[in-house]
Amino acid sequence: MASMNIQSIKAVLRSWIDEGFIEGELSVEPEWYVLWRPEEIEEFNRDYQLSQYAPGFLTFGGNGGGELLVVNEIGEVFYMPTIGMAPDAAIKIASSLQEFKGYMEK
């Protein structure tokens, strides 16, 4: 995907959740994922103030332990601490959402 936005993230999440991916192990750091429900995406991004602290990123989930799963504008996937949140704190874990999906277990 050349450009990520809230609507495209919602569509991906909806399909993953329909396939049974909601929460589970990851074969890469941070080793666990919890996906946000599509209708909660705007709220989570607003509540975590991503546009202020990590501009260019959107959250689509977390690890249940203080780190967010985020995607940048070109679709690369990272995890980022909620305390000390900043673009330079993002740790890349996949080049695309499709690659990230390959790391998820149901």
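The values are calculated or read from the model by the stated rules, or taken from the named source; none is laboratory data. Note that the structure is a prediction, hence the values are computed from the model and not measured. Here the Cβ positions follow ideal geometry from the backbone for every residue, glycine too, while neighbour counts run over all protein chains shown. These area figures cover heavy atoms from the full protein model, side chains too; ligands, DNA and RNA do not enter into them. Shrake-Rupley method; radii C 1.70, N 1.55, O 1.52, S 1.80 Å.
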Between residues in the stretch 28-52 that are free of Cβ contacts under 8 Å to residues at least 60 places away in the same chain and residues that are hydroxyl-bearing (Ser, Thr, Tyr) and loosely packed, with under 13 Cβ neighbours inside 10 Å, which pairs lie under 8 Å by C-beta distance while being six or more apart or on different chains? Asn45/Ser51
Which of the residues that make up the stretch 88-101 are open to solvent by 60 Å² or more (accessible area, probe 1.4 Å), outside any strand (DSSP E or B) and not charged (D, E, K, R)? Ser95, Gln98
